[in-house]
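A.B. asks: The following block contains the structure, expressed as structure tokens.
Every number here is computed from the coordinates shown, using simple stated rules; none is lab data. None of these values were measured; they are calculated from a predicted model. Cβ sites come from the backbone with ideal geometry, for glycine too, and all protein chains shown count toward neighbours.
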Amino acid sequence: MIVADRKPLDEILNSIKDCDRIMLAGCGGCVTICFSGGAKAVQLLASQIKIARKKQDRPIEIIEVTPERQCEYEFIDALAEDLKSVDAVLSIACGVGVQAMTERHPDTVTLPGLNTKFMGYPVEHALWDERCAGCGDCVLEWTGGICPIARCAKKLLNGPCGGSADGVCEVDKELPCAWQLIYDRLKKIGKLDNLKKIREPKDWRTSTNAGQRKIKFEEAML
Amino acid sequence: MKSDSRLEKVLTAGRFAVTAELGPPQNANAEAVRKKAQHCIGNVEAANITDNQTAIVRMSSIAAAAIAISCGVEPVVQMVCRDRNRIAMQSDILGAAALGVKNILCLSGDHQTFGNHPQAANVYDIDSMQLIAMVKAMRDDKIFLSGDPIKEHEPRLFIGAVENPFADPFEYRVMRLAKKVEAGADFIQTQCVFDIEKFAKWMETVVAEGLHERTYIMAGLTPVRSHRALQYMKTQVAGMSIPDELIKRMEAVEDKEQQKEEGVKICLEMIDHVRNIKGVSGIHLMPIGWESITPVILKRADLLPRPEV
Ligand code: SF4
Ligand code: SF4
């Protein structure tokens, strides 16, 4: 899932400082699960904004909505009518949702209320860890299901750097060294030989280095 | 000969080789490089010119290497994967060779969060293993990483790599060294040895795998001036193994000057130790911020004058 985090309230207030009426749009997808953009988060943020604006003696009206997914046209097209009366949309979906709103409702300005962070999952209650950087050419087959691109601070493909010690990464003692994890995992499944081969430099064109990526699913084309 | 480097000549002649570190300044002062180079002239086979070490911006290692050459010091240009992509790296490799550089050391590099620009994007387009293979292919196969031919004047560099016998996973360290040798590492400089027992154990496996016959292993050594410096390295530098006895031994000496002398003595003992370990072909001195001690140590270790080759 996509994991995102709320922007600081001051930054949000500043972005909507010229608005008297906004739509605060959450999303029922990933950000609901990570607590940053679901219906509850919409409610909470709306009241925080209202209180802050009241204090500034500039009350604001807020339409609260939480479409099932903000990244699909069919769920956000229904908002068109309400959008006519607002100065802006404050979106607390991920960056994809913000852009879908912008594209689908070009006459309205949509502002981001979240910082979209990564793809990952909760490893314990209320704690999300990054797992995939969407590199476009997955290597998990030979790394024992542990990603060196998203989880090694140097994206190394040929084993741990010299700073790996006691299982933690040199960059942050709170982070496990991805290569220690890979080593342990491959040892456990009897695949240490996978580490002997010299891995060639990665072709980063499949990642974020060759412009926006597209996927076409031919079979499903109408 | 793969290159025309003095380091390669000394090592292939089977002589015990010596290299030392020369850190470029955090400014544009060529004189600072010349001054440090004085400690190296005639005393070492080659001087490692560090590449923005600990991710702190310094004079470019290739520029400092050119200054070292003008002083009569053969440089080992260090190149880290943190700051440049494959295009910039290959371009710099050509440039370095054109300036007369004959040795290169390939490293991944300290992460930028350690340095003075933690906000920087990191590159890591290729890793140190891939860098070694790339330099080797440029030299031996006369091709760029893309496969395009280098039609003439290929860079002829003696290729070095680093290995840290004290990092984890310990069992994997020798396998990784074998990979570096396979990729094309002609020589290896190790992380600073303080834990001689662990180093000897690592060397045993290296020798058992026959790796000492396929590459030259140089033991990294750092003379320290105070117990504080040791303590600092133990707690702050990732992947360092420093026995407590060493710290206690330094601590027991109260006088500052005498502590320095104790640090030199420890370094001399280490040199003695590693010289007697099978498979060790030389030493690499890293006197962090204390370059003037290099000739003193080498003289007292009976490593001067350097052999004629
Ligand atoms: S290798 Fe690439 S696609 Fe696979 S998990 Fe890692 S970043 Fe994602
Ligand atoms: S310590 Fe491990 S995870 Fe961290 S940069 Fe080095 S190899 Fe990667």
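A.B. asks: What does the structure give for B:238-245 when I average, per residue, the other chain Cβ atoms found within 10 Å of the residue Cβ?
C.D. replies: So the per-residue partner count for this stretch is 3.
A.B. asks: Using C-alpha positions alone, give me the convex hull volume of the stretch A:91-184 per residue in cubic angstrom.
C.D. replies: Enclosed volume per residue, from the Cα hull, is 133 Å³.
A.B. asks: Report, to the nearest 10°, how far helix B:170-183 tilts away from the longest principal axis of the Cα atoms in chain B, using its own Cα long axis and a range of 0 to 90°.
C.D. replies: Tilt relative to chain B: about 40 degrees.
A.B. asks: For a quick check: with amide H placed at 1.01 Å from N, whose amide H comes under 5 Å from B:Ile217's, ignoring anything fewer than 5 positions away on the same chain?
C.D. replies: So B:Ile217 has HN proximity to B:Ile188, B:Ser281.
A.B. asks: Treating cross-link reach as a plain straight distance, find the lysines whose alpha-carbon is under 18 Å from the alpha-carbon of B:Lys278, omitting any fewer than eight places away in the same chain.
C.D. replies: Reachable lysines: B:Lys198, B:Lys201.
A.B. asks: For the protein assembly as shown, what proportion of DSSP beta bridges, expressed in % and rounded to the nearest 5, is antiparallel?
C.D. replies: The answer is about 25 percent antiparallel.
A.B. asks: Now a separate question. Tell me whether chain B comes out rounded, prolate or oblate; compute the Cα gyration tensor, take square roots of the eigenvalues as a ≥ b ≥ c, and use a/c under 1.5 as the rounded threshold.
C.D. replies: It is rounded, given that a/c, with a ≥ b ≥ c, falls under 1.5.
A.B. asks: Counting only residues 5 or more places away or on other chains, whose amide H sits under 5 Å from the amide H of A:Leu90 once H atoms are built in the peptide plane?
C.D. replies: Under 5 Å from the amide H of A:Leu90 lie the amide H atoms of A:Met23, A:Leu24, A:Ala25, A:Leu111, each far enough along the sequence or on another chain.
A.B. asks: Further question on the same structure: Between A:Gln56 and B:Ser292, what is the spin-label point distance in nm, taking each point 7 Å from the Cα along the Cα→C-beta axis?
C.D. replies: So the label points at A:Gln56 and B:Ser292 sit 6.1 nm apart.
A.B. asks: So, one more: Out of B:Arg86, B:Arg249, B:Arg275, any idea which swings most in a Gaussian network model of chain B, alpha carbons joined below 10 Å?
C.D. replies: B:Arg249
A.B. asks: For peptide B:145-156, what's the mean number of Cβ atoms from other chains within 10 Å of each residue's Cβ?
C.D. replies: 0
A.B. asks: Summing +1 for each Lys or Arg and -1 for each Asp or Glu, what net charge is found among the other residues whose Cβ lies under 13 Å from the Cβ of A:Ala210?
C.D. replies: With Lys, Arg at +1 and Asp, Glu at -1, the net is +2.
A.B. asks: Compare B:Gly109, B:Gly289, B:Gly220 in a GNM of chain B, Cα atoms joined below 10 Å, and give the one with the largest fluctuation.
C.D. replies: Of B:Gly109, B:Gly289, B:Gly220, the most mobile in the Gaussian network model is B:Gly289.
A.B. asks: Same structure, new question: Pick from B:Pro287, B:Pro295, B:Pro118: which residue has the top mean-square fluctuation in a GNM of chain B where Cα pairs under 10 Å get a spring?
C.D. replies: Largest GNM mean-square fluctuation: B:Pro118.
A.B. asks: What average number of partner chain Cβ atoms lie no more than 10 Å from the Cβ of the residues making up A:176-189?
C.D. replies: That average works out to 2.
A.B. asks: Okay, moving on. Excluding same-chain residues fewer than 8 positions from A:Lys191, which lysines have a Cα within less than 22 Å of its Cα?
C.D. replies: A:Lys155, A:Lys202, B:Lys179, B:Lys180
A.B. asks: Also, I was wondering about something else. Just to be sure I understand: of the beta bridges DSSP finds with both ends in the stretch B:66-182, what percent are antiparallel, rounded to 5?
C.D. replies: DSSP beta bridges in the stretch B:66-182 are roughly 10 percent antiparallel.
A.B. asks: Based on alpha-carbon positions alone, could you give the equivalent ellipsoid semi-axes of the protein assembly as shown from the gyration tensor, as √(5λ), descending, whole Å?
C.D. replies: 53, 26, 23
A.B. asks: For chain B, what does -39500 (n - 2.57) per DSSP helix run (n ≥ 4), summed and divided by total residues, give at 222 nm, in deg cm²/dmol to the nearest 500?
C.D. replies: After summing the helix terms and dividing by the residues of chain B, the value is -12000 deg cm²/dmol.
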